[in-house]
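The values are calculated or read from the model by the stated rules, or taken from the named source; none is laboratory data. Nothing here was measured: the structure is a model prediction, and the numbers come from that model. All Cβ positions, glycine included, derive from the backbone under ideal geometry; neighbour counts span all protein chains shown.
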Amino acid sequence: MRTPIILSCILALTAPAVSAEAIREVSATYNVNVGPMTMMVVRFGSSFSSDAVRSQATIKSKGISAVFSEFTARAEGDGRLDGQIIQPALFTLSRERDDRKKKTTIEWGDGGTITTDPPAHKKPDVRARIESALTPDVSDPITAILRVGTTAENPCNAKQRVFDGRDVFDLTLSDAGAGVKKKDGAYRGPVRNCRVRWHPVAGRSAERREPDGTYGISFAPLGTLASGQTFWLPVALSGTIKGLDFEVHMTKLKVDGGQRADTGTQN
């Protein structure tokens, strides 16, 4: 489960300039490559209004990985705008592997209450540790990446506590400097490079004592939202999971229905 959740936290442009008009809708596609082979395709979309944001992300196995195990995951998130902060409201994660289907729903209610269906864990002691780790600012994976993308003029100075219905984990970003992306994917232009550390806090990953993971991620400035905030979008991700090196590249982007970049590798 760890791999699709990390990828579900992964959201190019032919020109790096900030859009003169507020962004209303954005969609992007990413290929997840292990060596020369594409193992997964990730599609992301988000729409913004004056007081709310709706998003969805799908992950589907491809190529040789689909031969051994057909995997699909779909995440949907509804959030509301509290000033310049995106607050989570509803998150749904549906997973299908071969003929097995699972669905998890998290709802943020009044007073900071969080309800999960099904419960986060069958064991009461593990469930209690999860509940104690749910700080007031905890968000779902999609809201977390949107918060990072709207944090400030530099998205690499951020920390988010995330809850996906089964695990609570921290994402801590640190600045690795500005750069220019010249190849490998759809985006060409200036980027802000970050290092992101994944740390399990409570839930299945913490009970299994899974080690921290550190990944490289590059953000590009997509434009501005109605609030006036710059919206940063990840354009590349790289790292190692379970001993396998992987790279994620954006292959296509649309902003407000207009196609901005396409490498011709869209699936």
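For F44, the conditions (1) at pLDDT 90 or above; (2) at positive phi all hold with the exception of (2). The combined condition, being of a type in the set (S, T, Y) and touching a Lys or Arg at 6+ places or on another chain (Cβ under 8 Å), is fulfilled by T92. For the range 231-252, which residues satisfy the criterion of being buried (at least 18 other Cβ atoms within 10 Å of the Cβ) and of a type outside the set (A, V, I, L, M)? Matches in the range 231-252: F231, W232, P234, G239, F246, H249, T251, K252.
Okay, residues lined up against (1) more than 13 Å from the chain's Cα centre (by Cα); (2) of a type in the set (A, V, I, L, M, F, W, C):
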{"position": "D137", "(1), (2)": "yes, no"}
{"position": "I142", "(1), (2)": "no, yes"}
{"position": "N154", "(1), (2)": "yes, no"}
{"position": "V162", "(1), (2)": "no, yes"}
{"position": "D167", "(1), (2)": "yes, no"}
{"position": "G177", "(1), (2)": "yes, no"}
{"position": "K181", "(1), (2)": "yes, no"}
{"position": "V191", "(1), (2)": "yes, yes"}
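I145 meets all of the listed conditions (1) farther than 17 Å from I86 by Cα; (2) touching a Cys at 6+ places or on another chain (Cβ under 9 Å) but one, namely (1).
Of the residues that sit in the range 91-101 and are of a type outside the set (S, T, Y) and surrounded by 15 or more Cβ atoms within 10 Å (Cβ to Cβ), which one is farthest from the chain's Cα centre (by Cα)? Walk me through it before giving the result.
Within the range 91-101, the subset of a type outside the set (S, T, Y) is 91, 93, 95-101.
Still in the running and surrounded by 15 or more Cβ atoms within 10 Å (Cβ to Cβ): 91, 93, 95-96.
Working: F91: 13, L93: 13, R95: 16, E96: 19 Å.
Per the stated criteria, the residue is E96.
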